[in-house]
Amino acid sequence: MFLPDRPLRLGTRGSPLALAQAHMTARALCAVHGWPDEAVTIVTVQTSGDRIQDRALADIGGKALWTKELDRALVEGEIDFAVHSMKDVETLRPDAFHIAAMLPRADVRDRLVGADDFAALPAKPIVGTSSPRRAAQVKRLRPDATITLFRGNVATRLAKLAAGEVHATLLAAAGLDRLNQQDVGATIAIDVMLPAPSQGAVGIETLGDNAAMMSALRAINDRDTCDAVMAERGVLKGLGGTCHSPIAALARVEGESLRLIAEIISPDGQETIREEARLARGDGAAAQAVGHALLERASPALRALFEA
């Protein structure tokens, strides 16, 4: 068994949700190995995504804004491993970094905060979100809606809603639950809003050549979560998806196979292309093929979003 000779340093963003997920990871690791709580220490690393709040991610560097500072800390030996919300991890990662484990997945659904459902919103509602997927899905459900950029952590977005900046916003159920805010918002059914790829999943990453850390982390890997999330990320690879692109995907484990549903949506919500497939666990090529199939059926205008 791997016995660290010093506290292991777990890198994380500093938001309340990121810290909650870091503490979950530390507790899981100590529990499975029988380590004392002090065997893992949490190191907060501020990311560009946390600093820059007034622009869409796609306009300022995409999902790498959540990972690049943690990557640097890993490479420079400031931390031993890092925790991420998997939906914030860019599809193509440098070879040096490996997702060694994922924690059991939480609720994958979104919550509408500010109204009981979309029909209850007033005429011409203003809805706050920074997610192209959520924006497109809202426009599909409520073509009269106006979407306004809403960034910041959960508390910031809820404060903006309370101040009357918008009629409603959308948040991940998993994040609210991890912050003990289970009573906030109305949960949206998956057949109404298919979630983002990897939503509700927490990944733990380290350097691929750190064999001891890789081995220690594998002990807390949840296979079902990992297989489902990797299939959803395979769709992203097949699409060449970016932060500009409205993409939804969800894989569910059914025995030794996965049932995968994915869709791409035009920003105005008027075009939705949807694919469903059953594939073997770990079949990355089949997951990517779902992404290719979506593009083949899309209109030229929708396909162009993925060709930039």
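Bear in mind that the values in this text are calculations on the coordinates, not laboratory data. What you are looking at is a predicted structure, and each value in this text was computed from that prediction instead of being measured. Positions of Cβ are backbone-derived with ideal geometry, glycine not excepted, and every protein chain shown enters the neighbour counts.
Before moving on, here are some points about what is shown:
- Rounded to the nearest 20 debye, the dipole size of the stretch 74-133 about its Cα centre is 400 debye, using +1 on the Cβ of Lys and Arg and -1 on the Cβ of Asp and Glu.
- Remark on the stretch 110-187: Rg and Dmax equal 11.5, 33 Å (Cα only).
- Computed Rg/Rh of the chain, alpha carbon atoms with Kirkwood Rh: 0.96
- Just checking the listed ones, GLY175, GLY234, GLY14: in the Gaussian network model of the chain with Cα springs under 10 Å, the one fluctuating most is GLY14.
- The charge dipole of the stretch 233-298, taken about its Cα centre with unit charges on the Cβ atoms of Lys, Arg (+1), Asp and Glu (-1) only, comes to about 200 debye.
- Between the residues ALA173, LEU112, ALA287, the greatest Cα displacement towards the positive end of the dipole of the chain, with unit charges on the Cβ of Lys, Arg, Asp and Glu, is found for LEU112.
- Point-charge dipole on Cβ atoms (K/R +1, D/E -1) for the chain, about Cα centre, debye to 20: 460 debye
- Antiparallel content of DSSP bridges confined to the chain, in %, to 5: 75 percent
- Relative packing of peptides 24-36, 108-120, 130-142 - highest average C-beta neighbours within 10 Å first: 130-142, 108-120, 24-36
- Taking the average, over residues, of other Cβ atoms within 10 Å as the packing measure, peptides 283-295, 188-200 rank 188-200, 283-295 from highest down.
- Mean-position separation - Cα centroids, the stretch 100-117 and the stretch 118-137, in angstrom: 17 Å
- Lysines whose Cα lies under 30 Å from that of LYS237, excluding same-chain neighbours fewer than 8 positions away: LYS63, LYS68, LYS87, LYS139
- When both bridge partners sit in the stretch 110-187, DSSP labels roughly 55% of those beta bridges antiparallel.
- Counting all C-alpha pairs of the stretch 233-298, share separated by more than 13 Å (%): 58 percent
- For the stretch 91-155: Kirkwood Rh in Å [reciprocal of mean 1/r, alpha carbons]: 14.6 Å
- Both radii were evaluated on the Cα set of the stretch 125-242; the Rg over Rh quotient, with Rh as the Kirkwood radius, amounts to 1.04.
- A cut-off of 5 Å between modelled amide H atoms, ignoring neighbours fewer than 5 places along the same chain, links ARG151 with no other residue.
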